[in-house]
Amino acid sequence: MKNLLTDISGVRVGHADDAMLASGVTAVVFDRPAVAAIDVRGGGPGTREGALLDVANTVERIDAIALAGGSAFGLEAGGGVQAWLAEQGRGFAVRGAVIPIVPGAICFDLLNGGNKAWGRFAPYRDLGYRAAAAADVNFALGSVGAGLGATTANFKGGIGSASAATPDGVKVAAIAVVNAVGTVTVGDGPWFWAAPFETDGEYGGRGSPPSFTPDMLAMRIKGGAAATSVENTTLAVVVTDADLTKPQARRLAMIAQTGFARAIYPVHAPLDGDVLFAAATGEKRVDPLIGLTELGMVAANVTARAIARGVHAATALPFPGALPAWKDRFG
């Protein structure tokens, strides 16, 4: 286990980003179509193909997921991922037509100091293509891909990932783009809200503070009262090698989303666009009641860990007034 989303066999991740733009795309590519669902909790989400993932709708399996910066402009990243898949002959067959199925979601990073004067067309479609083409079992964490321009209320955000297995050997892993309105640390750190779930010192091993003061529990959000509903989002993809139906994948997404609440304070606010995708590759059977409950519990834990790792691994943007990285202050 590499403590990455790609610990699930048949899953690859690729990044593409632009340092001057201070934004990018991350593509999660499945070697074979995966059953998938979505859970949206934030008040300001931006999604692509979200309706397709509703359990009442026909298509059950997807080929990839596109995660991007750029706010609504970033939704074009899915088209780039789709173009790469089409070149591979991948997609949902409708008689003679083959249509790659690529849901996606975006976060707002338009005010992070990067040059967003891209002209007539935003660059996210091309970045999506490059991210899909770069997809591999090994991938970087921190300020890369869709996490390049991500921030939180007090520290630089980024891409995080984590994995685990149930006692029965069913694997589950998460990748997160951490661009939250709130904080991932308790106060100004160095402690992470997700400290109880940390494994092998993966985000510094600092544990929890000896006590929680009123200042630590006070609300800290980007921009204070001036924050708007499009500035903040945490995106996550949870993948398991379990054999799940689409409704079971939806339930997994709902349980796993509780990992956001374990790692971000506050969360699921009108100012957030929090979205979690759940996908299943179908290799191992699970009990539909107790087994799925346990799988969801572990999925929530790895989601929380992925969020903390995204902040722990991030590096500051090279612009005046940019937020510091956690490691800038605490090593």
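Within segment 2-16, which residues are among the acidic types (Asp, Glu) and buried (at least 22 other Cβ atoms within 10 Å of the Cβ)?
As a first pass, look at segment 2-16 and keep what is among the acidic types (Asp, Glu): 7.
Passing the criteria: none in range.
Within segment 314-329, can you find the residues that are in contact with a helix residue (DSSP H, G or I) (Cβ under 9 Å, 6 or more places away or on another chain), among the hydrophobic types (A, V, I, L, M, F, W, C) and open to solvent by 30 Å² or more (accessible area, probe 1.4 Å)? Lay out the reasoning, then the answer.
Of the residues in segment 314-329, the ones in contact with a helix residue (DSSP H, G or I) (Cβ under 9 Å, 6 or more places away or on another chain) are 314-316, 325-327.
Subset that is among the hydrophobic types (A, V, I, L, M, F, W, C): 314, 316, 325-326.
Within segment 314-329, just 316 meets the criteria.
Residue check, residue 48 against (1) of a type in the set (D, E, K, R); (2) in contact with a helix residue (DSSP H, G or I) (Cβ under 8 Å, 6 or more places away or on another chain); (3) closer than 15 Å to residue 279 by Cα, all met but one. Which one?
Every condition holds for residue 48 apart from (3).
Take the conditions aliphatic (A, V, I, L, M), more than 18 Å from residue 305 (Cα to Cα), open to solvent by less than 50 Å² (accessible area, probe 1.4 Å) and more than 18 Å from the chain's Cα centre (by Cα) and apply them to residue 218. Does it pass?
Working: aliphatic (A, V, I, L, M): yes; more than 18 Å from residue 305 (Cα to Cα): yes; open to solvent by less than 50 Å² (accessible area, probe 1.4 Å): yes; more than 18 Å from the chain's Cα centre (by Cα): yes.
Against the criterion (aliphatic (A, V, I, L, M), more than 18 Å from residue 305 (Cα to Cα), open to solvent by less than 50 Å² (accessible area, probe 1.4 Å) and more than 18 Å from the chain's Cα centre (by Cα)), residue 218 qualifies.
Based on what the data block shows, is residue 42 within 15 Å of the chain's Cα centre (by Cα), assigned to a loop (DSSP other than H, G, I, E, B) and surrounded by 15 or more Cβ atoms within 10 Å (Cβ to Cβ)? Break it down into steps so the answer makes sense when it comes.
Working: within 15 Å of the chain's Cα centre (by Cα): yes; assigned to a loop (DSSP other than H, G, I, E, B): yes; surrounded by 15 or more Cβ atoms within 10 Å (Cβ to Cβ): yes.
Spelling it out, residue 42 is indeed within 15 Å of the chain's Cα centre (by Cα), assigned to a loop (DSSP other than H, G, I, E, B) and surrounded by 15 or more Cβ atoms within 10 Å (Cβ to Cβ).
Just a yes or no: is a residue in segment 25-34 β-branched (Val, Ile, Thr) and more than 30 Å from residue 151 (Cα to Cα)? First the steps, then the outcome.
Filtering segment 25-34 down to residues β-branched (Val, Ile, Thr) leaves 25-26, 28-29.
Keeping just the survivors that are more than 30 Å from residue 151 (Cα to Cα) gives none.
No, because not a single residue in segment 25-34 is β-branched (Val, Ile, Thr) and more than 30 Å from residue 151 (Cα to Cα).
Any idea which of 220, 262 is charged (D, E, K, R), assigned to a loop (DSSP other than H, G, I, E, B) and in contact (Cβ under 8 Å) with a residue 24 or more places away in the chain? First the steps, then the outcome.
Values: 262 fails: assigned to a loop (DSSP other than H, G, I, E, B).
None of the other options fit; the residue is 220.
Among the residues of segment 46-92, which ones are open to solvent by 60 Å² or more (accessible area, probe 1.4 Å), out of contact with any strand residue (DSSP E or B) (no Cβ under 8 Å at 6 or more places or on another chain) and small (Gly, Ala, Ser)?
51, 56
Might you let me know whether segment 144-158 holds any residue that is open to solvent by 10 Å² or more (accessible area, probe 1.4 Å), of a type in the set (A, V, I, L, M) and at pLDDT below 95?
So the first thing to find is which residues in segment 144-158 are open to solvent by 10 Å² or more (accessible area, probe 1.4 Å), and the list is 144, 148, 151, 153-154.
Now drop any that are not of a type in the set (A, V, I, L, M), which leaves 144, 148, 153.
Narrowing further to those that are at pLDDT below 95: 153.
Yes; the residues of segment 144-158 include at least one that is open to solvent by 10 Å² or more (accessible area, probe 1.4 Å), of a type in the set (A, V, I, L, M) and at pLDDT below 95.
Taking only segment 90-101 into account, find how many residues are free of Cβ contacts under 8 Å to residues at least 24 places away in the same chain and within 23 Å of the chain's Cα centre (by Cα). Can you show your working first?
Start the filter on segment 90-101 by keeping residues that are free of Cβ contacts under 8 Å to residues at least 24 places away in the same chain, which leaves 93-99.
Filter again for within 23 Å of the chain's Cα centre (by Cα), leaving none.
The total comes to 0.
If residue 104 satisfies every condition in (1) more than 16 Å from the chain's Cα centre (by Cα); (2) open to solvent by less than 10 Å² (accessible area, probe 1.4 Å); (3) not hydroxyl-bearing (Ser, Thr, Tyr) but one, which is the exception?
Failed condition: (1).
Among the residues of segment 187-201, is there at least one that is part of a helix (DSSP H, G or I) and under 26 Å from residue 108 (Cα atoms)?
Of segment 187-201, the ones part of a helix (DSSP H, G or I) are 195-197.
In the following step, the residues that additionally are under 26 Å from residue 108 (Cα atoms) were identified as none.
No, segment 187-201 contains no residue that is part of a helix (DSSP H, G or I) and under 26 Å from residue 108 (Cα atoms).
If only one of 43, 10 is touching a residue at least 12 places away in the same chain (Cβ under 8 Å), of a type outside the set (A, V, I, L, M) and under 19 Å from residue 273 (Cα atoms), which one is it?
Working: 10 fails: under 19 Å from residue 273 (Cα atoms).
Only one candidate qualifies: 43.
If I ask for residues that are in a loop (DSSP other than H, G, I, E, B) and either under 16 Å from residue 237 (Cα atoms) or without any contact (Cβ under 8 Å) to a residue 40 or more places away in the chain (or both), which ones from segment 280-293 would you list? Outline the logic, then answer.
Pass one, segment 280-293, residues in a loop (DSSP other than H, G, I, E, B): 285-289.
The answer is 287, 289.
Any idea how many residues of segment 111-136 are in contact (Cβ under 8 Å) with a residue 60 or more places away in the chain, among the hydrophobic types (A, V, I, L, M, F, W, C) and more than 17 Å from residue 16 (Cα to Cα)?
1
Residues being open to solvent by less than 10 Å² (accessible area, probe 1.4 Å) and in contact (Cβ under 8 Å) with a residue 60 or more places away in the chain: count how many of those fall in segment 294-307.
Pass one, segment 294-307, residues open to solvent by less than 10 Å² (accessible area, probe 1.4 Å): 295-296, 299-300, 302-304, 306-307.
Now narrow it down to the ones that are in contact (Cβ under 8 Å) with a residue 60 or more places away in the chain: 295, 299, 302-304, 306-307.
Qualifying residue count for the region: 7.
From 259, 282, 291, grab the single residue that is buried (at least 24 other Cβ atoms within 10 Å of the Cβ) and among the small types (Gly, Ala, Ser).
Details: 282 fails: buried (at least 24 other Cβ atoms within 10 Å of the Cβ); 291 fails: buried (at least 24 other Cβ atoms within 10 Å of the Cβ).
Result: 259 is the single residue among 259, 282, 291 that is buried (at least 24 other Cβ atoms within 10 Å of the Cβ) and among the small types (Gly, Ala, Ser).
The values are calculated or read from the model by the stated rules, or taken from the named source; none is laboratory data. This is a predicted model, so every value here is computed, not measured. Here the Cβ is made from the backbone with ideal geometry for all residues, glycine too, and neighbour counts use every protein chain on show. The area values use the complete protein model at the heavy-atom level, side chains included, leaving out ligands, DNA and RNA. Shrake-Rupley method; radii C 1.70, N 1.55, O 1.52, S 1.80 Å.
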